[in-house]
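Working notes for the structure below.
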Amino acid sequence: MTKHPLTIDDVQSAQKIIKGIADQTPLIPSVFMTQHCGGDFLLKLENMQPIGAFKIRGAMNAIAALDQDIPGVTCYSTGNHGRGVAFAAKQRGLKAVICMSSLVPQAKVEGIRALGAEARIVGASQDQAALEVERLCKEEGFIDISPFDDRHVIAGQGTIGIELLEARPDLETILVPLSGGGLAAGIALAAKTLKPSVKVIGVSMNRGASMHASLETGHPVEVTEYASLADSLGGGIGLDNQYSFAMCRDLLDDVILVTEEEIYQAMQQLYYEDRIIAEGSCVVGIAAIMSGKINTIKTPAAAIITGRNLDMTMFTKIVSGQDVTLGDTTIKGQPYGL
Ligand SMILES: *Cc1c(COP(=O)(O)O)cnc(C)c1O
């Protein structure tokens, strides 16, 4: 394997940091997807984490590495990373200021405030929130924890890869929701170190998928952000990306894009077939298979169900088959199974 900025040793150190709090989430079979794929299809339930998303793994690992005598920590976030940072900062008695754009759903903003952190809404895109983070670091001495482009964060997310291969050494394919790529980079590094033949496939929504656009171009590029059912997958990867871009380029076997309609249907399916409430961002792997965009998948396969922090008013609309309006688009609803 090519040289990466971190190794499985870093992921194993992260395992010790998160032990007992953010590790060993359930890995359960999806009966429906197993039937559909003709072989074991497993769901890694990161929606069961204390903050409702896997981001707690990376945030705990990054914050454990900091000195105690700093003014505080800050980050920009589509919501779940901010919640992870708020959780980890509270544990260590550090002040946290989470900067978010107005696209972040209210449920996520409230979750952050409930952990005692300050939620600061700045501008209408993640890039604008990032400017406030820069200012806090420069003028007030805060430490910035990137949601994906940080060695400790990537190592923390990578602990999922170790857990998967330890539970199922026979695993052939891992489907990972892809945004800034910290999750995919960490999982791919850990899983492929343990089993080089395992395939890791990233999946994003088809509008505003910054990692996909950057991989196509060959270097990090900016994309327009759109409201999406997969709101946790929005935002850029940073033009000065240091780690996650190169790791995703070198380690991912494929990147697939799915439409809002496909995400809508997969959310219904996960709810009705597996009885799981999960964000649109989690079901992109299932959507890629059900839409035929991935038509043969080597099993056993696992999909990472990354989080559950969604707006319940919108979710009840989706499971009852109603139309959902997001920003400039309306997704035409349909009852499940029709
Ligand atoms: C952050 C997040 C992702 C994507 O993770 P990246 O490391 O940015 O690629 C996927 N799903 C959920 C629920 C998230 O919060």
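The values are calculated or read from the model by the stated rules, or taken from the named source; none is laboratory data. If you're wondering where the values come from, they're calculated on a predicted model, not measured in any experiment. Cβ coordinates were reconstructed from backbone atoms using ideal geometry, including for glycine residues, and neighbour counts include every protein chain displayed. In case anyone asks, the SASA skips ligands and DNA or RNA and just uses the protein heavy atoms, side chains included. Shrake-Rupley method; radii C 1.70, N 1.55, O 1.52, S 1.80 Å.
Can you spot a residue in the range 122-143 that is under 21 Å from Gly234 (Cβ atoms), part of a strand (DSSP E or B) and either at pLDDT 95 or above or open to solvent by 10 Å² or more (accessible area, probe 1.4 Å) (or both)? No: zero hits. Return yes or no: is Val176 assigned to a helix (DSSP H, G or I) and within 11 Å of the ligand (Cβ to nearest atom)? So Val176 fails the test. Checking each residue in the range 89-106 for being assigned to a helix (DSSP H, G or I) and either open to solvent by less than 40 Å² (accessible area, probe 1.4 Å) or within 13 Å of the ligand (Cβ to nearest atom) (or both) picks out only Ala89. Just one of the numbered conditions (1) out of contact with any Lys or Arg (no Cβ under 8 Å at 6 or more places or on another chain); (2) within 12 Å of the ligand (Cβ to nearest atom); (3) open to solvent by 10 Å² or more (accessible area, probe 1.4 Å); (4) modelled with pLDDT of 95 or more is not true of Lys293: (2). The sole residue among Glu166, Glu139 that is away from the ligand (no atom under 16 Å from the Cβ), free of Cβ contacts under 8 Å to residues at least 60 places away in the same chain and within 16 Å of Val97 (Cα to Cα) is Glu139. Contact annotation: residue pairs with Cβ atoms under 6 Å, 6 or more positions apart or on different chains, pairing a residue in the range 282-299 that is in contact (Cβ under 8 Å) with a residue 12 or more places away in the chain with a partner that is surrounded by fewer than 18 Cβ atoms within 10 Å (Cβ to Cβ) and not in a helix (DSSP H, G or I), are Lys298/Glu172; Thr299/Gly39; Thr299/Asp40. With respect to the stated conditions, Lys44 fails to be in contact (Cβ under 8 Å) with a residue 12 or more places away in the chain and touching a helix residue (DSSP H, G or I) at 6+ places or on another chain (Cβ under 6 Å).
Scanning the range 209-257 for residues that are within 12 Å of the ligand (Cβ to nearest atom), within 17 Å of Ser77 (Cβ to Cβ) and either in a loop (DSSP other than H, G, I, E, B) or modelled with pLDDT of 95 or more (or both) yields a count of 11.
Considering the conditions (1) assigned to a helix (DSSP H, G or I); (2) within 13 Å of the ligand (Cβ to nearest atom); (3) among the β-branched types (Val, Ile, Thr), Val109 is excluded by exactly one of them, (2).
Could you please let me know if Ile201 is buried (at least 21 other Cβ atoms within 10 Å of the Cβ) and under 20 Å from Ile297 (Cα atoms)? Taking the combined requirement at face value, the residue satisfies it. Across the range 290-329, the number of residues qualifying as among the hydrophobic types (A, V, I, L, M, F, W, C) and in contact with a strand residue (DSSP E or B) (Cβ under 8 Å, 6 or more places away or on another chain) comes to 10. Considering only the range 308-338, state which residues are touching a Ser or Thr at 6+ places or on another chain (Cβ under 6 Å) and either of a type outside the set (Asp, Glu) or open to solvent by less than 10 Å² (accessible area, probe 1.4 Å) (or both). The answer is none; no residue qualifies. With respect to the stated conditions, Gln157 is among the polar types (S, T, N, Q), touching a helix residue (DSSP H, G or I) at 6+ places or on another chain (Cβ under 8 Å) and part of a helix (DSSP H, G or I).
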